Amino acid sequence: MEKKIVYSAIQPSGIPTIGNYIGSVRNWLSLQEDYDCFFAMANLHAITVRHDPALLRRRTLELAALYIACGIDPEKCTLYVQSQVPQHAELCWTLNSLTYVGEMERMTQFKDKARNHADNINMGLMDYPVLMAADILLYQTDLVPVGQDQTQHVEIARDIAIRFNNRYGETFRVPEALVRKQGAKICSLQDPLKKMSKSGENPNDSIFMTDDRDTILRKFKRAVTDSGSEIVCSEEKPGVSNLLAIYCAFRGCSMAEAEREFSGKGYGEFKLAVGETVADALSPVQAEQARILSDKEYLGGVLSRGAERAFKAARKTLSKVYRKVGFYQGE
Ligand code: TYM
């Protein structure tokens, strides 16, 4: 039987946080065993806000090395850089004509980014979800493992796929978002009602995947907790609940187990335990990432093989799309 197809990506727009790890990469690890997985460095998406070209290039490679260091196996998955597969931009253009401006204006992330980058509300920022739809649909994806903040974009990819199929005949598989119940939204350590983000202004909001042990312990020590002293997961305790979710993700335990472990303990001890768990987990990943990054030949080989595999799959879908919409492709 043919394996189902999984697609996901991260933007190399900053240093990934443990939110990116918990909400996405961690969930890819088990999927790579049973599915045909495509994991990309979404660098085309990363230029929708102002960026430094040299840094973008470096972050792209760092992200690739991080995927592998986290356990993504390039022999099992297709690991590639989005800009190396031109079909993404080509399909995006085609899908643009089936997408309404009003739909894009309603996207939560667009509204947030337009607010935060009021002097640079460019077409790319608005078109971002269509490019993401193109990423997903190019590979005839079944499942898209993402964090909660990306579900609206997967939803629009589904709408666009259905719209295209209705207009031109069956062409795209209609994908589904795969969102874990726990860890789908890791929040800022300073403001637990806000998402932890790689592009946040205050570095104390986030634990970056490259933070060293002291930094990690310090950030957790300063993390905002809630009134009261009980260590339980509840809506009234967003700070404690967030720390518990982080702890569970790195420990691989359930919420009930974590609550039991910290029952009767104080916030200080709890935050230290979370910090140590995260630092212990990240330290080998960081060493492995550095090792992979220094082996340029290996990493270059992985990415060129990945781009080749992705290109073949993408070309097949795009050629079908072009035929359906009536683009001349030679005799
Ligand atoms: P990006 O780079 O913002 O985030 C990458 C992945 O991490 C998840 N995530 C989180 N999960 C839990 N808690 C958080 N605080 C947190 N922050 C981020 C995101 O949900 C995402 O899964 N547009 C996408 C990248 C992309 C993509 C795609 C994803 C481009 N094409 C096709 C899936 C399919 C983005 O900017 O993600």
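Starting from the Cα gyration tensor of segment 200-248, take the square roots of the eigenvalues, sort them a ≥ b ≥ c, and report rounded, prolate or oblate (rounded when a/c is under 1.5, otherwise prolate if a/b is larger than b/c, else oblate).
Prolate is the answer for segment 200-248, as a/c is 1.5 or above and a/b outweighs b/c.
Calculate the translational D of segment 54-131 in whole µm² s⁻¹ from Stokes-Einstein, where the hydrodynamic radius comes from the Kirkwood formula applied to all Cα pairs, the temperature is 37 °C and the viscosity 0.692 mPa s.
219
What is the sum of charges, Lys and Arg at +1 and Asp and Glu at -1, for the other residues whose Cβ falls under 13 Å from the Cβ of Ile136?
Around Ile136, the surrounding residues sum to -3.
Dipole size in debye (nearest 20) for segment 231-283 around its Cα centre, Lys and Arg Cβ +1, Asp and Glu Cβ -1?
I would put it at about 40 debye.
Between the DSSP loop rule and a limit of at most 10 other Cβ atoms within 10 Å, which GluC sites (Glu not before Pro) in segment 137-224 are left?
Working: sites: Glu155, Glu170, Glu176, Glu201; in loops: Glu170, Glu201.
Taking segment 137-224 and a limit of 10 other Cβ atoms within 10 Å, the loop GluC sites (Glu not before Pro) found are Glu170, Glu201.
Can you give the % of DSSP beta bridges in the chain that are antiparallel, to the nearest 5?
Close to 10 percent.
In which sequence would Met104, Met123, Met41 go, from the one with the fewest C-beta neighbours within 10 Å to the one with the most?
Met123, Met104, Met41
Could you size up the charge dipole of segment 193-331 around its Cα centre, putting +1 on the beta carbon of Lys and Arg and -1 on that of Asp and Glu, and report it in debye to the nearest 20?
Dipole magnitude for segment 193-331 comes out near 980 debye.
With +1 on each Lys and Arg Cβ and -1 on each Asp and Glu Cβ, and nothing else charged, work out how big the dipole of segment 3-54 is about its Cα centre, in Debye to the nearest 20.
Using Cβ point charges on Lys, Arg, Asp and Glu, segment 3-54 gives about 100 debye.
Below 13 angstrom from the Cβ of Asn96, what's the summed charge of the other residues (Lys, Arg +1; Asp, Glu -1)?
So the surrounding residues net to -2.
For the chain, build the charge dipole from Cβ charges (+1 Lys, Arg; -1 Asp, Glu) around the Cα centre, then report which of Met123, Pro145, Ser319 sits farthest towards its positive end.
Farthest along the dipole direction, towards plus: Ser319.
Filter the DSSP H helices in the chain by two things, a Kyte-Doolittle mean of at least 0.5 and an axial alpha-carbon span of 18 angstrom or more, and list the hits by number.
Passing helices, by number: 53-70, 123-138, 238-251.
Could you tally the net charge around Phe327, taking each other residue with its Cβ under 13 Å from the Cβ of Phe327, Lys/Arg +1 and Asp/Glu -1?
+2
Every read-out reported here was derived from the displayed coordinates using simple, explicitly stated rules and does not represent laboratory data. These figures come from a predicted structure and were not determined experimentally. Using ideal geometry, Cβ is built from the backbone for each residue, glycine included, and neighbour counts are taken over all protein chains shown.
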